[in-house]
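**Q** Handing you this structure, nothing more for now.
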2 protein chains.
Amino acid sequence: MPSDSRTNSPTRPMRADARRNYDRILAVAAEAIAEHGAEASLEEIARRAGVGSATLHRHFPSRQRLLEAVFGDKVEALCAAATDLAVDPDPGQALATWLGAVARHAVSNRGLAASLMRGAHDGDPTLGATCHSMITNAGADLLARARRANAARPDVSITDLLTLVNAICLAVEQEPDGAAQADRLLTLALTGAIGSERPGSGAA
Amino acid sequence: MPSDSRTNSPTRPMRADARRNYDRILAVAAEAIAEHGAEASLEEIARRAGVGSATLHRHFPSRQRLLEAVFGDKVEALCAAATDLAVDPDPGQALATWLGAVARHAVSNRGLAASLMRGAHDGDPTLGATCHSMITNAGADLLARARRANAARPDVSITDLLTLVNAICLAVEQEPDGAAQADRLLTLALTGAIGSERPGSGAA
DNA sequence: TGCAAAAACGGGGTGGCCCTCCATATCGTA
DNA sequence: TACGATATGGAGGGCCACCCCGTTTTTGCA
């Protein structure tokens with residue numbers, strides 16, 4: 001069920017001990033990243049997993065790769081959510097709901113936002129489907145639908161929206177009440193931070 | 001004319017050699033931060049300035065202090081701009097203009113956004129007027145005026161707005177066309193990223 | 001089952017970073 | 001000029017990412 005991009009790839013299946021270590025590292029990394037964020041010490045992850053640091057670096061050649069492996073299932077969940085929302089009767093609301101879900105995931109999983117930010121644009125195009133592009137593709141459909149329904153500006157791209165979401169999440173990541181803050185700021189950004197409330201419709 | 005919080009402070013004036021080194025370090029740090037962002041290596045700054053790393057750490061006990069010293073004049077310029085805009089006939093536009101100016105400064109001076117983000121809320125309350133609080137105070141007046149003119153939501157704080165600006169700048173800092181991106185995203189966030197355009201008034 | 005080649009492992013080294021101590025050099029002044 | 005206060009910076013400690021290469025484990029086959 002979980003996404004094991006190694007067990008059934010064209011390359012020879014992993015040796016049993018390698019697989020064991022791979023899984024251990026992944027589990028420990030998830031904990032460490034939850035504790036210390038995306039900058040968690042790789043050395044300590046290896047230590048806690050009971051493997052040498054070389055083993056960690058062999059399985060995950062870069063920090064980004066480790067992050068992507070750790071958050072793979074979260075990202076898949078978000079993509080699935082996008083698919084579900086793609087049949088929502090209110091495309092505009094569906095898009096907003098999904099962006100909120102992305103924000104919620106990013107806030108409650110430290111490091112996810114950082115992982116989603118750095119897309120394929122900084123080297124390392126090895127991994128075909130990075131978290132970044134998966135999310136982008138998933139969101140693109142929702143935006144397209146919203147646009148067709150005249151519920152989204154024609155000049156805004158899905159990259160714009162996701163950049164906003166991630167930027168906000170990254171910014172509030174270490175605030176005490178990050179979740180609430182992120183939600184507020186996202187709503188603000190989506191509906192207009194400066195009151196473009198039509199004169200007359202305002203308070204009072 | 002430049003703000004030398006050391007020359008005329010209640011504490012004894014700096015010795016000539018100390019002052020020389022202080023200035024050298026500051027100049028070199030500005031270059032290094034422009035090159036490598038807020039995470040530039042302090043050791044290399046010391047090396048380039050021709051001083052020992054201990055000297056750097058004595059003058060600037062924390063990275064944040066160095067950043068604040070480097071960006072002090074930029075922040076003062078932004079505060080001055082806020083004062084000027086405080087008499088603008090259109091308070092809503094004035095606020096938007098100022099936020100745009102903050103963004104422009106933050107994008108063209110790598111590290112400024114990072115410096116503005118971390119306010120007094122993480123220890124080190126030694127320095128009375130941090131960049132963070134200076135900017136916040138400066139912006140608060142503009143927002144208050146805009147609010148009185150019904151040109152700003154009553155539920156949005158200056159902290160919200162500055163967090164958005166800084167988050168955006170931080171996010172696009174290493175994109176190739178950062179300035180344009182930041183401008184676009186800020187406009188989006190201020191006016192509403194999802195088209196709340198009234199039916200009929202849209203493009204066409 | 002036994003064994004050799006292949007695969008994976010991890011200790012330890014390199015080089016970088018931040019930060020501190022303290023013996024030494026420099027400055028300002030009497 | 002001489003002296004005390006002040007500033008300096010090299011050396012060293014602790015942490016980190018990353019890599020080399022001798023050693024151990026696993027596997028597939030006879």
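**Q** I need the helices of chain B that pass two filters: whole DSSP H segments spanning 20 Å or more by Cα along the axis, and mean Kyte-Doolittle score no lower than -1.0.
**A** Sorted by number, the helices that extend far enough and score high enough are B:16-36, B:63-85, B:91-108, B:131-148, B:158-172.
**Q** In addition: Excluding ligands, DNA and RNA, what is the solvent-accessible area per residue of chain B at a probe of 1.4 Å, expressed in Å²?
**A** 51
**Q** Determine the share of segment B:28-104's accessible area contributed by carbon and sulfur atoms, expressed in whole percent, with a 1.4 angstrom probe.
**A** 53
**Q** Turning to a different aspect of this structure: Tell me the relative contact order for chain B as a rounded percent, counting alpha carbon contacts under 8 Å between residues six or more apart.
**A** It rounds to 20 percent for chain B.
**Q** So what's the Cα pair-distance distribution over the protein assembly as shown, bin width 10 Å, in %?
**A** Whole-percent P(r) values from 0 Å outward: 4, 19, 27, 24, 16, 7, 2, 0.
**Q** To the nearest 100 Å², how much accessible surface do chains B and A hide from each other in total, with a 1.4 Å probe?
**A** So the total buried area for this chain pair works out to about 3000 Å².
**Q** Working only with C-alpha atoms, what are the Rg and Dmax values of chain B, expressed in angstrom?
**A** 19.2, 69
**Q** Counting helices only, and only those DSSP H runs with n ≥ 4, report the 222 nm mean residue ellipticity of chain B as the sum of -39,500 (n - 2.57) divided by its residues, in deg cm²/dmol to the nearest 500.
**A** -20500 deg cm²/dmol, from helical runs alone.
**Q** Right, here's the next one. Mind checking the log10 I(q)/I(0) for segment A:41-148 at q = 0.17, 0.19, 0.21 Å⁻¹? Debye, one equal scatterer per Cα, no solvent, two decimals.
**A** -0.82, -0.95, -1.08
The values are calculated or read from the model by the stated rules, or taken from the named source; none is laboratory data. Please read these numbers as outputs of a predicted model, since none were measured by experiment. Accessible surface areas use protein heavy atoms only, side chains included; no ligands, DNA or RNA. Shrake-Rupley method; radii C 1.70, N 1.55, O 1.52, S 1.80 Å.
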